[in-house]
Amino acid sequence: MSARPAEPSCGTDLSDITRYLAGDNPAQSAHIETCAQCQDAIRSLQRLEDFTHQLAVADTEKADDPAWFHRLMSGLHLEGRPGRSIPYTDAGDADLAVTEGAVRALVRAAADTIDGALIGQCVFTGDVTTPGSPVEVNLSLAVIYGHPIQSIVHDVRTTVDQLLRRHTELVITDVNITVIDVIRESRADPSKTGTS
C-alpha cells in the first residue's frame, strides 16, 4: 500500500510540489501558491511528514504492530483523495460544488485550532452529493496528555458542527468523535526534544 498522497486534480505533479516545499522554486511556483488542489496536496504532504515523525518516536511495540501501521496508512490514503463533489443549491445558474477532500481540510484546519487536539481521520457518512440528505461526520482524535478529554471533545464537536453549517449546505445530523490516543507533548510536537 502506498502512503503517497494523490496527485492534484489540476495536473500538477507531486514531484513539483515536493521541490517547491524544498525551496527549489520550480516553474509552477506561482500556480502552486494559488491553486486550492496544490495547497491541499501540500497539507497532505505535511501531514505525511508529521505522521512519519510520529512513527519514528512512537513506542516500539506500537511501531511494530502491523494492524496499527495499516490503519495509519489507510487514513493517509483516504485523506489524499478529493472524494465526492458536494453541490451548492443556491449558486444560481452556476454549477458550483466543493470536493469532500476540501471540506475535510476545512474541518481539520478548524479543529487544529483547539489546544490539545490532534485530528486523525475525518469521514463523512451519508450521501453528500444529494442536497438535504442527512450526513454524519466521524472524526478520530488524539488528545495531548494533560488536557481534559471531555472538554476537548465538546469543543471539537461544537467547532466542526458550526463550521460545516456556516460554510456548506450539508445537513449534519451528528459529529461522532472517537478518542484513539493520548499523546505526550514531545510526541505531538517535533520541536520538543525532551523524553516522553
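The values are calculated or read from the model by the stated rules, or taken from the named source; none is laboratory data. All figures in this text were calculated on a predicted structure; none of them were measured in a lab. Here the Cβ is made from the backbone with ideal geometry for all residues, glycine too, and neighbour counts use every protein chain on show. Please note that ligands, DNA and RNA were not included when accessible areas were found on the heavy atoms of the full protein model with its side chains. Shrake-Rupley method; radii C 1.70, N 1.55, O 1.52, S 1.80 Å.
Key figures for this structure:
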{"quantity": "Inter-site label distance for Ala109 and Asn176 at 7 Å from Cα along Cβ, in nm", "calculated": "2.7"}
{"quantity": "Cut-off 16 Å (backbone N to label point 7 Å along Cα→Cβ of Thr125), residues of the stretch 163-181", "calculated": "171-180"}
{"quantity": "Net length gained if the chain between Glu33 and Asp13 were fully extended (0.36 nm per residue, minus Cα distance)", "calculated": "5.8 nm"}
{"quantity": "Three-way shape call for the stretch 94-170 based on the alpha-carbon gyration tensor, with the a/c threshold at 1.5", "calculated": "prolate"}
{"quantity": "Whole-percent carbon and sulfur share, accessible surface of the stretch 107-166, 1.4 Å", "calculated": "52"}
